[in-house]
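The values are calculated or read from the model by the stated rules, or taken from the named source; none is laboratory data. Please read these numbers as outputs of a predicted model, since none were measured by experiment. As a convention, Cβ positions derive from the backbone with ideal geometry for all residues, glycine included, and neighbour counts pool all protein chains shown.
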């Protein structure tokens, strides 16, 4: 059997361990606009065995918020009048761009079942850097893996399979390691054909990624890009606020979702589901105190964002955070798109009344459900009116009533007190909801409008900081922007579903401190790494574009330890010829 058969629609014999079904996977090749390429794949949609059990995610459970209820027109340019004005052309181009973004997000959601399975599989099958098997002859070396991934893009999947597995140069099992996937243990001893399904999926996913720009690799390349760029898009997530004690969402053990497992929900993300909130707001408010901003302080990373703006380099900060700390750090609102809203304001789900978000903080911190003050006032006024009416009915004339007396009403208990409302339905005031975007709600219209009509044509650098980019449509920004625009990733852990040009790994505050040092930008912040404190930068073996940042620990005698052979000191001066950064 040929490896190519895994890509063809003809029936084939599946591995006895795999329940295999045909599935069409769709991707858009980098640099191609509105030209989708379909590849018929055969791979397991269910993997059921003693060693691993995975099921497809239930339909509609993708971690996503909606785009605004606004439709782009993919044919807008073709529908222009005979003599269009410049404004007509710009409007048509914006409609086409918006349609492309909507198309891409919809593709992601439609393929969620497959993607979620694959991400779950990667979680268990992705090879760990400390895995001893990764250094064996059964695995591709980092240099070999990089070369194979380049060949895949150069030759395409069919020729790539012919040149590798079918030519006998690689087994499918070993070729999986070129995509950083460790062969599952339950396939041990099976013929090589048993690995074809997983390999076909790995190849498909690799081709769906933006291609890395090979000329950008080092930390100095990143510094140079920041120094000479003037229209930088920065995409930020919860990782830039964790140094203040605000939890991120997805970190295992410490992330907010891990802490919510005790609620017994089918998915911890249901806490932020708008339908769940409308049905029972107590679920959200039982945990809201853990994420409500408790301080006006902001981190050195927030300060770095403000510095980009002050130096005329920031085009837009697309923030997924809801703590509103970007504003506290001095970022103007015309440079900030709060993709998921923020605690800055709150609105009544019943009457729409909006107020300053901090006004409901006391209730949130006390674990109470905040109620709408306007609704409360309306209820009080209505109650007073009912009381006056009841008094008149009981024989107390109003200003325009007759002197006719009526028999007073009594409750079932016989109590005729004026304060008795038991004969009436008492409505409740509306619940105040922070203006954060829940799953199932539309993003602010500003998100798609600014991205499609303003930023896409101007951006000259993308920096992603403190987010794993798992929630659509924000996760699609980097793939949707022009592929020739350099992209830098800053976070504690790398991501596998996007090819960034440079990965700067470590605590966000530490990474930006070193970047500012090399840029000669004074980072004046009480939480910033002191100027005298060294930061070591090491390049991962076999991956010259991935660098790890760590604050050098002082030695016990009060002096600092020497930098590692390929490290850099606090001033960025490493040993000549040894630092890959």
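Quick look at the numbers
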{"read-out": "Given (1) touching a residue at least 60 places away in the same chain (Cβ under 8 Å); (2) assigned to a strand (DSSP E or B); (3) within 16 Å of the chain's Cα centre (by Cα), number of the condition residue 489 does not satisfy", "value": "(1)"}
{"read-out": "Answer from 246, 283, 240 - the residue that is modelled with pLDDT of 90 or more and in contact with a helix residue (DSSP H, G or I) (Cβ under 8 Å, 6 or more places away or on another chain)", "value": "240"}
{"read-out": "Scan of the range 436-453 for residues that are in contact with a helix residue (DSSP H, G or I) (Cβ under 9 Å, 6 or more places away or on another chain), surrounded by fewer than 18 Cβ atoms within 10 Å (Cβ to Cβ) and outside any loop (DSSP other than H, G, I, E, B), ordered by number", "value": "449, 453"}
{"read-out": "The lone exception for residue 327 - which of (1) touching a residue at least 40 places away in the same chain (Cβ under 8 Å); (2) surrounded by fewer than 22 Cβ atoms within 10 Å (Cβ to Cβ) it fails", "value": "(1)"}
{"read-out": "Test: residue in the range 516-525 that is part of a strand (DSSP E or B) and either farther than 25 Å from residue 297 by Cβ or within 18 Å of the chain's Cα centre (by Cα) (or both)", "value": "no"}
{"read-out": "Those helices (runs of 4 or more DSSP H) lying entirely in the range 130-235 with at least 3 residues more than 27 Å from residue 467 (Cα to Cα) and in contact with a strand residue (DSSP E or B) (Cβ under 7 Å, 6 or more places away or on another chain)", "value": "196-208"}
{"read-out": "Some residue of the range 473-486 being surrounded by 20 or more Cβ atoms within 10 Å (Cβ to Cβ), on the phi > 0 side of the Ramachandran plot and not in a strand (DSSP E or B)", "value": "no"}
{"read-out": "Residue match in the range 307-317 (condition: within 22 Å of residue 345 (Cα to Cα) and modelled with pLDDT of 80 or more)", "value": "yes"}
{"read-out": "Residue count, the range 502-513 (criterion: part of a helix (DSSP H, G or I), touching a helix residue (DSSP H, G or I) at 6+ places or on another chain (Cβ under 8 Å) and farther than 13 Å from residue 488 by Cβ)", "value": "2"}
